[in-house]
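Some notes on the structure that comes next.
We did not get these values from a lab; they are worked out from the coordinates using the rules stated. Nothing here was measured: the structure is a model prediction, and the numbers come from that model. Here the Cβ positions follow ideal geometry from the backbone for every residue, glycine too, while neighbour counts run over all protein chains shown.
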């Protein structure tokens, strides 16, 4: 049983089970209200599912790609919850959840703001039904996206934590590796720390 959290595009929280599927989920398409809803979404999912924290096997964290401010809210929430619960964090590429369950080669995109998009290119699923990411995640202007013949296109406004959690369960069953522990921001944050103290005159 997994708690899954993704804030790469909107806010999504779910509790999933390998055998029983999605036990509870909460989703918001708001791309700026992550911090305001993430705590209540987690609490609501735990209450609705009737699952005790001790019953969870781990916490899935969507690692992006996504804008810096929103993405770090979900990752921080996942890591903090996992630390308090004594459970492992399972990092997952958010775009993989969008391709999970699709049967045709697909170009997946999500909004990166600044008139840019994040994109990943997926072939047909492998023999175990898992997504096959061929390229990406990457950042591009919409006019610069790859347009291979025979590929469907999915422009997603949100990423489902439920799908992300179910994919994590499937990957575990088939012995696949999870993502790295670094967030996929793909660009520098809007605000950066200065190199040193300001000079006072």
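Per-structure values
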| quantity | calculated |
| --- | --- |
| Full-extension gain in nm, residue 79 to residue 40, via 0.36 nm per residue minus C-alpha separation | 12.4 nm |
| Two-site label geometry, residue 114 and residue 54: point separation in nm, points 7 Å out along Cα→Cβ | 4.8 nm |
| Antiparallel %, DSSP beta bridges [both residues in the stretch 2-173], to 5 | 65 percent |
| Å³ per residue enclosed by the Cα convex hull of the chain | 142 Å³ |
| GNM flexibility winner over the chain from 187, 18, 114 (Cα, springs under 10 Å) | 114 |
| Among 11, 132, 147: highest mean-square fluctuation, GNM of the chain, C-alpha pairs under 10 Å | 147 |
| Relative contact order (%) - the chain, alpha-carbon pairs under 8 angstrom, separation at least six | 25 percent |
| Stretchable slack from residue 187 to residue 69, in nm (0.36 nm times residue separation minus alpha-carbon distance) | 41.3 nm |
| Semi-axis lengths (Å, descending) of the ellipsoid that matches the C-alpha gyration tensor of the stretch 32-88 | 21, 14, 8 |
| Structure-based [θ]222 nm, the chain - -39500 (n - 2.57) summed over DSSP H runs of at least 4, per residue, nearest 500 | -8500 deg cm²/dmol |
| Highest-MSF residue in the chain out of 138, 29, 52 [GNM, Cα springs under 10 Å] | 52 |
| Nitroxide proxy distance, nm - points 7 Å out along Cα→Cβ at residue 138 and residue 154 | 2.0 nm |
